[in-house]
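One structure is given here, and the rest of the page talks about it.
The values are calculated or read from the model by the stated rules, or taken from the named source; none is laboratory data. This structure is a prediction, so every number in the text was calculated from the model and none was measured. When we count neighbours, we look across all protein chains shown, and the Cβ atoms used for this are built from the backbone with ideal geometry, even at glycine.
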Amino acid sequence: MNPRVFLILSLLASSLAAVGCQSDKAAGDSAAAVNAGRLVLKRGEVFGGSGSVGAPDQWFDEQLRVVEKEIAAGEFEAAIRRVHSIRERNPGPVVRSQLDQLLQRANLAVLDLPTLRGEFEAVEDPISFGSGLRVRVRFTNLGRRPVRVPIRLEGTSDSMIEIDLVRREWNTHAQVVTSSRIVRLPLEHDWNIPVGGTAEQVLDLGIFGNDKGLNGFRVYAVRGRLRPARLEMGALRRWESIPIRGTFVRSFRPNWEHLADDPLKRVEQAIAKAASTHLMTAAALLAPDERQAAVDVLVDQLRGDRRIDWAIFASLEYVTRIELGRDANAWKAWWPRVRETYFREDRVVLPDSTAPTFEVGR
């Protein structure tokens, strides 16, 4: 054989042998890495036939059962944390779907948790023309967890009380005028409300037309909602608004106080004296159990052709919340038919948190 050819063939055989040795070494290293990965639950390793990644199927099954128990026991914080912890182990698609369903159940359960009940209360009612309106807002924690309402958080709107304020005026010409505005007031500080505890704040709503005189009276309906930056219940978070049960504030001419001692009697006296404003003020001061007797008097005294009759029409409309026009015969026909049941307790509708309406009962 030619010496040059022999040398070339020898060099080629040596190269192939070297390549083969390197391939065997690489294969051995890969197998070692896989085996080592099984021992340390290396990220990305697959176990069993379900495709779960990062832990054995048995481990995932056990953790899913624990999450079920935590949700059933109302331990939603623990359940949600556990779901996220399981996800970090890279489960397969079946387990991921189960985790999504459990997380949805836990979040829906959190939304169903009772939190706060809100209500407005007049600081003073009635008030006189020229006075400003002030109400107290109070929140009671109805849940089993302390509730924190921060005044502000970075990147969000500040917590505030949003108020629907409706003014309605009844005058001695039997006219009713309504106007409204929205008032937004911030919280004074963070609220930390323990279980069963309360938090409250006095709100100045301004004068809103009460600086003007009126032959008649005004009633302000106050309703609204808390718009929190966030509701914090331990580790749980919610962001919805909380409705606030409404209240009313009545406003009269100064020196109305003497009419409040016996409003029913004052109604009769005002009609006899043709004192229209006094009549309407006394009608607005009636206690719930005096309304039936007052309507008896008002309907009986109604004629329809006197100046005082306009104040009687206005008083009837306010007390009954019924609009029968300025027709004395219509009122006299309607009242006997409904008298025995009209002011039943179950007919009295208290102000709700959303609709700024004036209901029977105030």
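Every residue, every condition in (1) at pLDDT 90 or above; (2) in contact with a Phe, Trp or Tyr (Cβ under 8 Å, 6 or more places away or on another chain); (3) hydrophobic (A, V, I, L, M, F, W, C); (4) not assigned by TED's automatic domain parsing to the domain that holds V149, yes or no:
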{"residue": "R82", "(1), (2), (3), (4)": "yes, no, no, yes"}
{"residue": "S85", "(1), (2), (3), (4)": "yes, no, no, yes"}
{"residue": "N90", "(1), (2), (3), (4)": "no, no, no, yes"}
{"residue": "V95", "(1), (2), (3), (4)": "yes, yes, yes, yes"}
{"residue": "L99", "(1), (2), (3), (4)": "yes, no, yes, yes"}
{"residue": "L102", "(1), (2), (3), (4)": "yes, no, yes, yes"}
{"residue": "R105", "(1), (2), (3), (4)": "yes, no, no, yes"}
{"residue": "F120", "(1), (2), (3), (4)": "yes, no, yes, no"}
{"residue": "V123", "(1), (2), (3), (4)": "yes, no, yes, no"}
### Task
Consider only pairs whose beta carbons are under 8 Å apart and that are at least six residues apart or on different chains; among these, list those whose first residue lies in segment 167-186 and is at positive phi and whose second residue is modelled with pLDDT of 95 or more and not acidic (D, E).
A174/W310; A174/A311; A174/F313; A174/A314
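Taking the condition surrounded by fewer than 16 Cβ atoms within 10 Å (Cβ to Cβ), in the same structural domain as S159 (by TED's automatic domain parsing) and among the basic types (K, R), does R230 pass?
Working: surrounded by fewer than 16 Cβ atoms within 10 Å (Cβ to Cβ): yes; in the same structural domain as S159 (by TED's automatic domain parsing): yes; among the basic types (K, R): yes.
Yes: the conditions hold for R230.
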### Message
Suppose we keep only residues that are loosely packed, with under 15 Cβ neighbours inside 10 Å and of a type in the set (D, E, K, R) within segment 237-279. Which one would you say is farthest from T156 (Cα to Cα)?
### Response
K273
### Task
List the strands (runs of 3 or more DSSP E) that sit entirely inside segment 99-170 and contain at least 3 residues that are surrounded by 14 or more Cβ atoms within 10 Å (Cβ to Cβ) and not aliphatic (A, V, I, L, M).
116-122, 133-141
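Given the criterion assigned to a helix (DSSP H, G or I), touching a His at 6+ places or on another chain (Cβ under 9 Å) and outside the structural domain of T140 (by TED's automatic domain parsing), identify the matching residue among A283, A270.
On the way: A283 fails: touching a His at 6+ places or on another chain (Cβ under 9 Å).
From the options A283, A270, the qualifying one is A270.
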### Summary
Pairs returned, first residue in segment 138-152 that is under 16 Å from R225 (Cα atoms), second residue that is surrounded by fewer than 18 Cβ atoms within 10 Å (Cβ to Cβ) and of a type in the set (G, A, S), beta-carbon separation under 8 angstrom, 6 or more apart or interchain, are T140/G196; T140/G197; N141/G196; N141/G197
### Task
Could you check how many residues of segment 256-299 are touching a strand residue (DSSP E or B) at 6+ places or on another chain (Cβ under 9 Å) and in contact (Cβ under 8 Å) with a residue 60 or more places away in the chain?
7
